[in-house]
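**Q** Attaching a single structure in structure tokens format; questions to follow.
The values are calculated or read from the model by the stated rules, or taken from the named source; none is laboratory data. Note that the structure is predicted; figures quoted are calculated from it, not measured. Cβ sites come from the backbone with ideal geometry, for glycine too, and all protein chains shown count toward neighbours. Quick note on the areas: whole protein, heavy atoms, side chains included, nothing else; ligands and nucleic acids left out. Shrake-Rupley method; radii C 1.70, N 1.55, O 1.52, S 1.80 Å.
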Amino acid sequence: MQKDRRLLPDISDYFEALFLVAESKWYPAAEALNKLRPRMSAFGKDMAMQIDFYLALCYERLGRPELAKQYYDLIVEQSPDNEPAKAGSLRMAAQLGSDNNKKSS
């Protein structure tokens with residue numbers, strides 16, 4: 001894709017990571033997004049929040065609510081009106097609460 005369209009390598013890697021998300025390949029997508037995250041800081045806050053959102057989604061699907069909540073919360077801190085991130089944070093808080101209740105029993 002990079003050769004044909006002459007995309008920057010970071011942008012090409014970003015789209016490849018999104019393809020993994022779209023294909024529900026959660027673990028490889030999370031790995032790709034984690035590697036990509038520090039490289040995309042030059043592209044601005046919105047791009048960073050998109051990557052964080054997809055990371056949160058991957059961790060949620062992988063059954064890692066603590067990591068998913070961490071990324072959802074990062075987005076909400078930067079953009080309090082981001083409804084999908086707020087909903088994700090609430091879902092993960094509820095899941096973590098029920099997980100803690102199960103451990104206490």
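**Q** Could you run the Karplus curve 6.51 cos²θ - 1.76 cosθ + 1.60 with θ = phi - 60° over the range 58-71 and give me ³J(HN,Hα) per residue in whole Hz, x for Gly and Pro?
**A** So the Karplus estimates, Gly and Pro as x, are 4, 5, 4, 5, 7, x, 10, x, 5, 6, 4, 4, 4, 6 Hz.
**Q** Less than 18 Å apart at the alpha-carbon level, and either on another chain or at least 8 residues along: which aspartates and glutamates does that give for Lys86?
**A** Here the aspartates and glutamates satisfying the reach criterion relative to Lys86 are Asp46, Asp52, Glu60, Glu66, Asp73, Glu77.
**Q** So, one more: Tell me the per residue accessible area of the chain using a 1.4 Å probe; a whole number in Å² is fine. Could you put the intermediate results ahead of the total?
**A** Numbers: 6610 Å² over 105 residues.
Here the residues of the chain average 63 Å² of exposed surface.
**Q** Output the 0 to 90 degree angle, nearest 10, between the alpha-carbon long axis of helix 26-36 and the longest principal axis computed from the alpha carbons of the chain.
**A** Value to nearest ten degrees: 60.
**Q** Let me know the shape class of the range 9-105, please: from the alpha-carbon gyration tensor, a ≥ b ≥ c as square roots of the eigenvalues, rounded when a/c is under 1.5, otherwise prolate if a/b is greater than b/c, or oblate.
**A** Values: a/c = 2.68, a/b = 1.59, b/c = 1.69.
Verdict is oblate for the range 9-105.
**Q** Of the residues Ala85, Ala48, Ala68, which exhibits the maximal mean-square fluctuation in a Gaussian network model of the chain defined by a 10 Å Cα contact cut-off?
**A** Between Ala85, Ala48, Ala68, it is Ala48 that shows the largest mean-square fluctuation.
**Q** Over the range 1-75, what is the relative contact order in percent, taking alpha-carbon pairs closer than 8 angstrom and at least six residues apart? Could you put the intermediate results ahead of the total?
**A** On the way: 68 pairs, mean separation 17.9, N = 75.
Here the relative contact order equals 24 percent.
**Q** For the pair Lys45 and Arg61, how long in nm is the line joining their label points, each one 7 Å along Cα→Cβ?
**A** Each label point is offset 7 Å from its Cα along the Cβ direction, giving 2.8 nm.
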